[in-house]
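Just below is one structure, and these are the notes that go with it.
The values are calculated or read from the model by the stated rules, or taken from the named source; none is laboratory data. Nothing here was measured: the structure is a model prediction, and the numbers come from that model. Neighbour counts are summed over all protein chains in view; Cβ atoms, including those assigned to glycine, are modelled from backbone coordinates with ideal geometry.
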Amino acid sequence: MSDTAMPSLKTRFIPADPARVTFTGGFWDSWTRTVREVTIPTQHQRLEEEGFLEVLDFGKPPGPLARPIQPSGLSMQHFFDSDFGKWIEAASYTLKTHPNPEIEAKIDAIVEKLEQGQMADGYLNSWFIRREPDKRWTNLRDLHEMYSMGHLLEGAVAYFQATGKRRFLDVMIRAVDHIIDTFGPEPGKLRGYDAHEEIELALVKLYRVTRDPRHLALATFFIDERGQMPSYYDEEARRRGENPADYVYQTYAYSQAHRPVREQTQVVGHAVRAMYLLSAMVDLAHENDDPTLKAACDRLFANLVERQLYVTGGLGPSASNEGFTREFDLPNETAYAETCAAVALGFFAHRMAQLDLDSRYTDRLETVLYNGALSGISRDGEHYFYENVLESHGQNRRWKWHYCPCCPTNIARMITSLGQYVYSAAGDALAVHLYAAGTGELELDGRLVRLTQETRYPWEGDVAIRLTLENPAELTLHLRIPGWCRQARLTVNGEAVDLATVTEKGYAAIRRLWANGDEIRLGFDMPVDRLYAHPAVSEDAGRVALSRGPVVYCVEEVDLGTEPQRLRLPADAPIQAQFEPDLLGGATVLTGEALEAQAADWAGLYRTAPPALKPRRFKAVPYHLWANREAGAMLVWLNEK
């Protein structure tokens, strides 16, 4: 080790307990209430209606498949358990602050069935126990056994933390004990790992509850073993009597298993898997004080945001692999940009910001929250998008449920746990990552600090933060200055602070003796921005996207009266922002003058003269609100004149 040793990764900011963060009267108050009161109950109803809960009737012969076997040999039913886990997790976050005996009883009913069905050795997967018990652990490449157990484990941890009930947690600890007995580097164990990452980050969550070193060691093994050659998946396929060369995806880059994780330089493969993997790598970089994992995460984060990320925070352009293709390949109308992938990017970016307080991570989290993830759920809280396109001719409509409904429960658990993304603390330092009307409580060196935010963010850029302290205390407050903001202001108790002298890596650090009632005021200028894509993104050549603050905008046919693809936005056209209180709960819209290509005088398909352009007004709405009204076309990247 050189004299300039790398700083320890054992110190990180600890996210706030979501139950100690409340949202009042602002943007997220409305959304969290909708998810709590509408989304959580209706998702359980959908699980019943779609035949999901039937798989937990372990004492009965299995019924007909709710999801048939595909040509690949896979059924979505192989991983139904994962949806129970995510729904329980989302519901659990609400129970601590809003007790609901009916929801709690539904969770307990699922837990009881899982416990009854669990095998004597701890194995727990409804598909294999009921349908193919002789095939368990024979196909980690395709069948998601540990992925499903991972989501159940996350649900069990959240339910225990919300209610104090251990039953579900103990069920899942027995399942983890079985995995420990089955997998690992020791002689006689399988050196395998699930192709769909998830169990790794779930194990770290479990470790933080139990402090059992075996749980951390198992997560570490799965990360370290991933991508080692010869590939476990090749050996496994041969044991099944299959030729590894017949693998439908041809390359293990699909599951980020093409080379060891520390050697990977580009984010590849299935987008959700990649983000779950990176989230676990950040966790283990901290727990194991492993700078090699942190370096890999930094490298892959940069590759993602600089070369492969949609302006909305969506990721993974291709439906064929639900993931990445080549750098700068960002088609609009065929964008896959799965809701789960945006949610998982939020998990990854948030973890990075706790380990390395840098606004470049939190900026991406914020983009996801207001755009690429939030677009995945309707304003009424019970309709969804799996894919999040950036251009439509009206063919995209939100659905009540999906053949593979992984996204509804994923966005639900993100919104119900939102408080943890707003604040975090480390020692005598507190970080404010996001701005939202409400109150947060954190413990700093044994002292309770309450922060109350008053703001109309993201529609306005003014934020007032008031501190409540029992006794004066010397603390450092880190206040994020968003990357989209080119002009910001900060005062403490009315005295201006020179941001240039206190800001490092996008966070303004104010250290002082804070007293009860101290007030911070932040002001972020929010002009309408015109965004342009890198020249290598050929789909967006000659086009412009509009944003204001953290919100990306789109134009819908319902407001325009014609397809927005006909619009030409002059490069110097002024654009105004105004708040519309009656638009889907209230939102700031953008309006201005554009030109519309005329077709009335057009004969045939082609001609030698360009179309006539007629001036007309347009309105752009937040991207996350699109497809909530009438069916019609939509466009994020407008043609620029």
remark   = By residue number, the members of the range 229-247 that are among the acidic types (Asp, Glu) and under 33 Å from the mean Cα position of the chain (by Cα) are Asp234, Glu236, Asp246
task = Return a yes/no flag: does the range 169-181 have any residue that is part of a loop (DSSP other than H, G, I, E, B) and surrounded by fewer than 16 Cβ atoms within 10 Å (Cβ to Cβ).
result = no
remark   = Taking the range 282-318 and keeping only residues that are touching a helix residue (DSSP H, G or I) at 6+ places or on another chain (Cβ under 7 Å) and within 22 Å of Tyr249 (Cβ to Cβ), one is left with Leu300, Gly314, Leu315, Gly316
request  = Report yes if some residue within the range 326-334 is in a loop (DSSP other than H, G, I, E, B) and at positive phi; otherwise report no.
outcome  = yes
inquiry  = Can you tell me which of (1) surrounded by fewer than 22 Cβ atoms within 10 Å (Cβ to Cβ); (2) within 19 Å of Phe168 (Cα to Cα); (3) not charged (D, E, K, R) is the one Ser82 doesn't meet?
reply    = (1)
query = Does Trp626 count as touching a residue at least 24 places away in the same chain (Cβ under 8 Å) and within 17 Å of Leu567 (Cα to Cα)?
reply = no
key: Odd one out for Tyr193, checked against (1) in a helix (DSSP H, G or I); (2) crowded, with 20+ Cβ neighbours inside 10 Å; (3) not aliphatic (A, V, I, L, M)   = (1)
request  = Inspect all residues belonging to the range 55-77 and state whether any of them is in contact (Cβ under 8 Å) with a residue 12 or more places away in the chain, among the β-branched types (Val, Ile, Thr) and either assigned by TED's automatic domain parsing to the domain that holds Arg351 or over 24 Å from Asp194 (Cα atoms) (or both).
outcome  = no
remark   = Residues of the range 354-374 being closer than 21 Å to Asp329 by Cα and either out of contact with any Gly (no Cβ under 9 Å at 6 or more places or on another chain) or not aliphatic (A, V, I, L, M) (or both), in sequence order, are Arg364, Thr367, Asn371, Gly372
key: Matching option when the condition is free of Cβ contacts under 8 Å to residues at least 40 places away in the same chain, within 30 Å of Gln395 (Cβ to Cβ) and over 27 Å from the mean Cα position of the chain (by Cα), among Pro535, Pro570, Pro574   = Pro535
task = Please go through the range 317-334 and pick out each residue that is touching a residue at least 40 places away in the same chain (Cβ under 8 Å) and closer than 10 Å to Val267 by Cα.
result = Gly323, Phe324, Glu327
ask   = Which pairs have Cβ atoms under 7 Å, sit 6 or more apart or on different chains, and link a residue in the range 95-120 that is within 19 Å of Thr42 (Cβ to Cβ) and assigned by TED's automatic domain parsing to the domain that holds Val176 to one that is of a type in the set (Gly, Ala, Ser) and surrounded by 12 or more Cβ atoms within 10 Å (Cβ to Cβ)?
value = Leu95/Ala162; Ile103/Ala91; Ile107/Ala91
request  = Sort through Thr24, Thr11, Thr32 and tell me the only one that's crowded, with 16+ Cβ neighbours inside 10 Å and not assigned by TED's automatic domain parsing to the domain that holds Ala285.
outcome  = Thr32
message = Looking only at the range 400-418, how many residues end up being part of a loop (DSSP other than H, G, I, E, B), in contact (Cβ under 8 Å) with a residue 60 or more places away in the chain and under 25 Å from Val558 (Cβ atoms)?
response = 2
query = With (1) surrounded by 23 or more Cβ atoms within 10 Å (Cβ to Cβ); (2) assigned to a loop (DSSP other than H, G, I, E, B) as the list, and Arg397 as the residue in question, which single condition is left unmet?
reply = (1)
key: Residue check, Gly381 in a loop (DSSP other than H, G, I, E, B), surrounded by 21 or more Cβ atoms within 10 Å (Cβ to Cβ) and not aromatic (Phe, Trp, Tyr)   = yes
task = Would you mind stating whether Leu613 is over 30 Å from Trp399 (Cβ atoms) and either at pLDDT below 95 or exposed (fewer than 13 other Cβ atoms within 10 Å of the Cβ) (or both)?
result = no
Residue identified as acidic (Asp, Glu) and surrounded by 13 or more Cβ atoms within 10 Å (Cβ to Cβ) among Asp601, Asp572, Asp582, Asp529 = Asp529
ask   = If the Cβ limit is 9 Å and pairs must be 6+ apart or interchain, which residue in the range 285-302 that is among the acidic types (Asp, Glu) pairs with which residue that is modelled with pLDDT under 95 and surrounded by fewer than 15 Cβ atoms within 10 Å (Cβ to Cβ)?
value = Glu287/Lys10; Asp289/Ser8; Asp289/Lys10
request  = Tell me which residues, restricted to the range 544-567, are crowded, with 16+ Cβ neighbours inside 10 Å and either more than 19 Å from Trp484 (Cβ to Cβ) or of a type in the set (Phe, Trp, Tyr) (or both).
outcome  = Tyr553, Val555, Glu556, Glu557, Val558, Asp559, Leu560, Glu563, Pro564, Gln565, Arg566, Leu567
Every residue from the range 556-607 that is under 29 Å from Trp31 (Cα atoms), charged (D, E, K, R) and either outside the structural domain of Tyr623 (by TED's automatic domain parsing) or in a loop (DSSP other than H, G, I, E, B) (or both) = Asp582
task = State yes or no: is Leu522 buried (at least 22 other Cβ atoms within 10 Å of the Cβ), modelled with pLDDT of 95 or more and closer than 30 Å to Asn471 by Cα?
result = yes
task = Examine the range 217-230 for a residue that is of a type in the set (D, E, K, R), over 21 Å from Thr292 (Cα atoms) and either surrounded by fewer than 19 Cβ atoms within 10 Å (Cβ to Cβ) or not assigned by TED's automatic domain parsing to the domain that holds Leu152 (or both), and state whether such a residue exists.
result = no
ask   = Based on what the data block shows, is Asp134 in the same structural domain as Leu206 (by TED's automatic domain parsing) and either farther than 29 Å from Ser417 by Cα or touching a residue at least 60 places away in the same chain (Cβ under 8 Å) (or both)?
value = yes
